[in-house]
Amino acid sequence: MLMVEKAVWAIVCGTIRDEIEFRLMMDQLLQWRDNQIIQGIVLSTWTDELKPFKSLEELLRENQVSIVYSQPIDQRVQNIQTNSINYWRQATQLQAALNVTPTDTIILKTRTDRALPSTKQLVNYWQRHHSLPDVRESCQQYGYTDLPVEFKHQIIVLKGRTGRIMQFTDYAFLGEHADIRKLINFDVSELYFTRDLVANTQFFIYPFLRDYPIIKAYFQLINFRPLLEDLKQYTISGGKDFPVFFQRVYAVYFAILATHFQIIGMNERSERFNDCIEFSDFFHSSHDGRLKHDALGVVIESSAVIEYFLRQPVNRLDLVSQHVRQFLQPLMVTSLERANKTEMEELVRYSHNPDFSKNKWLRSYQTVLISSEQKQQKSMQPVFPGISKAKQSALWSRCLQTDNVSRLLLDFWLEANVEPKDTAAYLLSSAKAGNQYSILTLTRLLRRGNLPTPTVLEIERINDFNAKMHRLHHTINVKVSCYILSRYFYRQSNGFKISRELSQQVDAVLDRYLPQKKQEFYICSESLNLLENYFDEEIQRLQGLNRYVRRRRVIELALETTQLNRYWQQLQPLLRENERVNLKVYNYAIQHDLLGK
C-alpha cells in the first residue's frame with residue numbers, strides 16, 4: 001500500500017471559458033497548497049489562452065502557479081473525422097503538464113471548469129485515507145493471480161458505471177505519476193473499435209484494451225446506449241438471465257474495478273449491506289442508491305459495492321450471479337478473450353428477444369519542476385462589475401462557500417438589478433450549465449448589440465449548443481424556443497449566415513408551436529408588419545378555439561421576435577404569481593428596453 005509520503009501535484013487542464021469558476025478552482029488549490037495538502041500546481045492550457053486575461057496570468061505567476069502552454073491541435077487534425085479529438089485536447093494538455101511535473105509524485109488531475117465539487121470530494125477522501133493500494137497485492141488478495149496488471153497502484157475515481165463500462169468522470173481523478181501517464185493515448189477510436197468513444201471512457205480504457213480482448217470486444221459488439229433503459233426495465237420486471245458473454249464481460253470488469261481503481265461517491269454512507277447484491281441489481285437503481293440508474297447507465301457509488309458482490313457467499317446468490325462469480329474463481333486467462341462462437345450465437349438469439357430489449361443493440365460484426373514551500377500572495381477574487389467593492393467581497397465569500405456558483409450568481413443577478421452592460425459576468429456561468437433564463441437574457445443582450453466580441457461568440461456558442469441538444473432530445477419548450485428565435489432574428493437582422501443547424505432549430509420550434517404556418521413564418525420574418533399580422537392571426541385563431549395555453553405560448557414568441565410592447569400588454573395579465581423567476585426576467589427585459597419597445 002502506498003502511503004502519503006510523496007508530494008501531491010495538481011494539474012489543471014482546460015481553457016478559461018468561465019473566469020469566475022476558474023478563479024474559484026485556483027483559489028481552492030492555493031489554499032490546499034498553503035495547508036500542505038498539495039505541494040505544487042500546474043496549469044496546462046493553449047498558447048495565447050491567457051492573453052485576454054493579462055492580470056490573471058500575472059496573478060497566477062505571483063502565486064507560483066506553473067503554467068504550461070501547448071499549441072492547439074485543431075489545425076493539425078482538422079481533416080480527421082473522429083470523436084476522439086475531444087479526448088485528444090485534454091490528453092495533449094495533461095501530457096504537457098506531466099512532462100514537467102516531478103515523476104516521483106502523486107497527480108491530482110482536474111479541470112478549469114465544472115470540476116470543483118468533484119475535486120473537493122476527491123481531496124477530502126485522500127485526506128482521510130492517504131493510500132493508493134498496490135494493484136498486484138489487490139489481485140493476490142482476491143485470488144486473481146492471472147489478471148493482467150496495468151497500474152502499479154490504484155487510481156482514485158468518481159462515478160464508475162455499468163452499461164458504459166470503463167467510464168468514470170474525467171473532471172478529477174488521482175494517482176501516481178507513472179500510472180496517470182499510462183492513460184495518455186492518441187488513437188483514433190473509430191479505427192481501433194470501428195466506433196467512437198466519449199472522452200471520459202477514452203481517458204481510462206486504453207491501458208486495458210490490449211491485455212483484455214473481452215473489453216475491446218464489448219465495445220465492438222454491443223451498442224449499449226439502448227440497453228441502458230431496456231435492461232433497467234428488464235431487470236425491474238424480474239429478468240435475471242443474461243448472455244454468457246455479458247456475464248463474462250462483467251466478471252472481468254468487476255475484477256478490474258476491484259483491483260485497479262478506488263471508486264468514491266459524492267455522498268458518504270455506511271458500507272454495510274443488508275441484502276445480497278445480485279448481478280441483475282447492477283442494471284437498475286437498488287440497495288438504497290448505492291447503485292443508481294440515470295441517463296448514462298447505473299452509477300456504482302463506491303468500491304464497497306464491488307467488494308461486497310465479489311466477497312459475499314456464493315450459495316446465497318441466484319444462478320446467473322453464481323455464474324458471474326465462477327468466471328473469477330479461479331480467474332482463467334481464457335476469461336479475458338473475445339466472444340467465442342457459442343457466445344456469439346447466443347448473443348444473436350438474445351438480440352431477437354423482445355423481453356430483453358426491443359432495440360437493435362448487437363452491432364454488425366465479422367466472424368521538470370521541484371517541490372518547495374509556496375504561499376498564496378494574493379486573493380483570486382475577480383472583479384464583479386457594476387457593484388461596490390464591499391458587495392464584490394461579500395459575493396466572493398459566498399462563492400467560496402457554495403458548490404453551485406452558477407446558481408448563486410444567477411440568484412444574485414435576479415435581486416441586484418445589474419445593468420445590461422455588466423450582466424454577462426453574472427449569467428454566463430449558469431448559461432453554460434443550460435439555464436434557460438440565463439441563455440434567453442444573454443441572447444436578448446446579443447440582439448440589442450454593443451457586447452464585446454468574445455462575449456458575443458460565447459453567447460452564440462452556448463445558445464447553439466443548448467438549442468441543438470434540446471432539438472436532438474425533443475425537449476424544446478417556449479423558453480428554448482424564444483432564445484432560438486431571438487438568435488435567428490439577431491443573425492438575420494445583421495446579415496449573418498443562417499447555419500443549417502440554426503434552420504433546423506427554428507423548424508423544430510415551428511413544428512412545436514406553429515405547425516400549420518411554418519412556411520409562412522419565413523416569408524413574414526423579413527417584415528415587421530407582416531410578422532405582426534402573422535402572429536395576430538394565430539393568436540386570434542387560438543382564442544376562438546379556447547386554446548389558452550397555446551395562445552399564451554404564441555404571444556411569448558410574438559413578444560420575443562417583434563419586441564413590441566403591445567404583446568407585452570397581452571402577456572402580462574397571463575403571468576402567474578408563482579412564476580417568480582420568469583416574472584423577474586421579463587420585468588428586467590422590459591425595464592432595460594430589451595423587450596416591449
Any chance residue 312 is among the polar types (S, T, N, Q), in contact with a Cys (Cβ under 7 Å, 6 or more places away or on another chain) and either closer than 18 Å to residue 253 by Cα or at pLDDT below 95 (or both): yes
Within segment 281-319, considering residues that are among the hydrophobic types (A, V, I, L, M, F, W, C) and outside any helix (DSSP H, G or I), the one surrounded by the fewest Cβ atoms within 10 Å (Cβ to Cβ): 295
Identity of the residue in segment 211-224, over 16 Å from residue 346 (Cβ atoms) and not hydrophobic (A, V, I, L, M, F, W, C), that ends up surrounded by the most Cβ atoms within 10 Å (Cβ to Cβ): 212
Complete set of residues in segment 368-386 that are buried (at least 16 other Cβ atoms within 10 Å of the Cβ) and either closer than 19 Å to residue 55 by Cβ or at pLDDT 95 or above (or both): 376, 380, 381, 382, 384, 386
Complete set of residues in segment 97-118 that are under 18 Å from residue 199 (Cα atoms) and not in a strand (DSSP E or B): 112, 113, 114, 115, 118
Residues within segment 179-217 that are small (Gly, Ala, Ser) and touching a Ser or Thr at 6+ places or on another chain (Cβ under 7 Å), tallied: 1
So residue 114, is it over 20 Å from residue 177 (Cβ atoms) and among the charged types (D, E, K, R): yes
Any hit, segment 285-293, residues being charged (D, E, K, R), assigned by TED's automatic domain parsing to the domain that holds residue 237 and more than 28 Å from the chain's Cα centre (by Cα): no
Strands (runs of 3 or more DSSP E) within segment 123-180 that include 2 or more residues of a type in the set (A, V, I, L, M, F, W, C): 155-158, 173-176
Which listed residue is in the same structural domain as residue 295 (by TED's automatic domain parsing), surrounded by fewer than 18 Cβ atoms within 10 Å (Cβ to Cβ) and in a helix (DSSP H, G or I), from 191, 227: 191
Failed item in (1) over 21 Å from residue 279 (Cβ atoms); (2) under 23 Å from the mean Cα position of the chain (by Cα), with residue 224 passing the rest: (1)
Selection from segment 27-49 of residues that are out of contact with any strand residue (DSSP E or B) (no Cβ under 7 Å at 6 or more places or on another chain) and farther than 19 Å from residue 127 by Cα: 48, 49
Selection count where residues are surrounded by 19 or more Cβ atoms within 10 Å (Cβ to Cβ) and among the polar types (S, T, N, Q), scope segment 29-50: 3
Odd one out for residue 419, checked against (1) under 24 Å from residue 591 (Cβ atoms); (2) under 26 Å from the mean Cα position of the chain (by Cα); (3) among the acidic types (Asp, Glu): (2)
Filtered residue count, segment 408-428, keeping only those that are more than 18 Å from residue 592 (Cα to Cα) and at pLDDT below 95: 0
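The values are calculated or read from the model by the stated rules, or taken from the named source; none is laboratory data. Quick caveat: nothing in here was measured; it's all calculated off a predicted structure. FYI the Cβ positions are ideal-geometry reconstructions off the backbone, even for glycines, and counts take in every protein chain you see.
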